[in-house]
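Contents: one structure, followed by commentary.
The values are calculated or read from the model by the stated rules, or taken from the named source; none is laboratory data. The structure presented is a predicted model; accordingly, all values stated were derived computationally and were not measured. Every residue, glycine as well, gets a Cβ built from its backbone with ideal geometry; the counts of neighbours run over all protein chains shown. For accessibility, only protein heavy atoms count, side chains too; no ligands or nucleic acids. Shrake-Rupley method; radii C 1.70, N 1.55, O 1.52, S 1.80 Å.
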Amino acid sequence: TAGWLAAVPEIEHVDVVEIEPAIIDAARAFAAVNHRVHDNPKVRMIVGDAREVLLAAGGEQYDLIVSEPSNPYRAGVASLFTVDFYRNVQGRLREGGLFLQWVQGYEIDVKTLRTVYATYLSVFPEVTTWQTQAGDLLLVGSQRATTIQGEAMRARIAAEPYRSALQHAWRVDDLEGVIAHYVCGTQTARKLAAGAQLNTDDRTVIEFGFARTV
């Protein structure tokens, strides 16, 4: 993910926060497929806890924050899906910034998914949902509604690195192929979230919700 983001000409720099140093070392072995991310001067590798970095780093603002943690049933990971964490994320986004949250779409029950949406929407009132793979979802959240501008997207898709990225990830090469991965918008997400319990730092209910269905 970091390699592809850094390959986008308009992106000025990419901060990667990884809690396990061995992952950063192992990434060197995949230089052929991760755009040689270690050698890109736009990329800064930070070993640490992403939550703590967002809280403690010197107030830097971002246009885009992507959260790609492990499965929420693993101890501690559910804290990256809480209202408290999302508020911290929002505080580090520039005006118009986007927050992308990976969510596993497998081994999850409806009640837990509803809590994920309710928690996310409590901080990011606008969200679109995309299916990245058969068992993976991506929530794209913002403070204001976003629109898909067809012709502008066609132009982007035809250019690098988008063209190669889409071919590698989704085996598509046009706007219709991208839109085929769209699942739903804010209205549907709000219906799913209605009345659901929130996941908070002091009550990480999705950790146990996922654990029951794993």
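Quick grid of which residues meet (1) over 19 Å from residue 92 (Cα atoms); (2) modelled with pLDDT of 95 or more; (3) open to solvent by 60 Å² or more (accessible area, probe 1.4 Å):
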residue	(1), (2), (3)
22	yes, yes, no
33	yes, no, yes
52	no, no, yes
59	no, no, no
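Taking only pairs six or more apart or across chains, which ones have beta-carbon atoms under 7 Å, a first residue in segment 124-153 that is over 17 Å from residue 180 (Cβ atoms), and a second residue that is small (Gly, Ala, Ser) and buried (at least 17 other Cβ atoms within 10 Å of the Cβ)?
Going by the 7 Å Cβ cut-off, the qualifying pairs are 124/141; 124/142; 126/141; 126/142; 127/141; 127/189.
Determine which single condition residue 175 fails, assuming it passes every other condition in (1) touching a Lys or Arg at 6+ places or on another chain (Cβ under 8 Å); (2) without any contact (Cβ under 8 Å) to a residue 24 or more places away in the chain.
(2)
Of the residues 116, 66, which is in contact (Cβ under 8 Å) with a residue 60 or more places away in the chain and in a strand (DSSP E or B)? First the steps, then the outcome.
Working: 116 fails: in a strand (DSSP E or B).
So the residue among 116, 66 that is in contact (Cβ under 8 Å) with a residue 60 or more places away in the chain and in a strand (DSSP E or B) is 66.
So for segment 94-108 (the condition being within 22 Å of residue 189 (Cα to Cα), among the basic types (Lys, Arg) and either open to solvent by less than 40 Å² (accessible area, probe 1.4 Å) or free of Cβ contacts under 8 Å to residues at least 60 places away in the same chain (or both)), does at least one residue qualify?
Initial filter on segment 94-108 (within 22 Å of residue 189 (Cα to Cα)): 96-108.
Going one step further and asking which of them are among the basic types (Lys, Arg), we end up with none.
There is no residue in segment 94-108 that is within 22 Å of residue 189 (Cα to Cα), among the basic types (Lys, Arg) and either open to solvent by less than 40 Å² (accessible area, probe 1.4 Å) or free of Cβ contacts under 8 Å to residues at least 60 places away in the same chain (or both).
Taking residue 183, is it within 21 Å of residue 100 (Cα to Cα), open to solvent by 70 Å² or more (accessible area, probe 1.4 Å), at pLDDT 95 or above and within 18 Å of the chain's Cα centre (by Cα)?
On the way: within 21 Å of residue 100 (Cα to Cα): yes; open to solvent by 70 Å² or more (accessible area, probe 1.4 Å): yes; at pLDDT 95 or above: yes; within 18 Å of the chain's Cα centre (by Cα): yes.
So residue 183 passes the test.
What number of residues within segment 191-205 satisfy the criterion of being farther than 13 Å from residue 77 by Cα and either in contact with a helix residue (DSSP H, G or I) (Cβ under 6 Å, 6 or more places away or on another chain) or in a helix (DSSP H, G or I) (or both)?
6
Identify the residue in segment 159-173 that is small (Gly, Ala, Ser) and open to solvent by less than 60 Å² (accessible area, probe 1.4 Å) and, among all such residues, is farthest from residue 36 (Cα to Cα). First the steps, then the outcome.
We begin by selecting, within segment 159-173, every residue small (Gly, Ala, Ser); these are 159, 164-165, 169.
Now narrow it down to the ones that are open to solvent by less than 60 Å² (accessible area, probe 1.4 Å): 159, 164-165.
Values: 159: 20, 164: 15, 165: 15 Å.
Checked segment 159-173; the qualifying residue farthest from residue 36 (Cα to Cα) is 159.
What residue, of 214, 205, 178, is open to solvent by less than 30 Å² (accessible area, probe 1.4 Å) and of a type in the set (A, V, I, L, M)? Please lay out each step first, then the result.
Numbers: 214 fails: open to solvent by less than 30 Å² (accessible area, probe 1.4 Å); 205 fails: open to solvent by less than 30 Å² (accessible area, probe 1.4 Å).
Every option except 178 fails the conditions.
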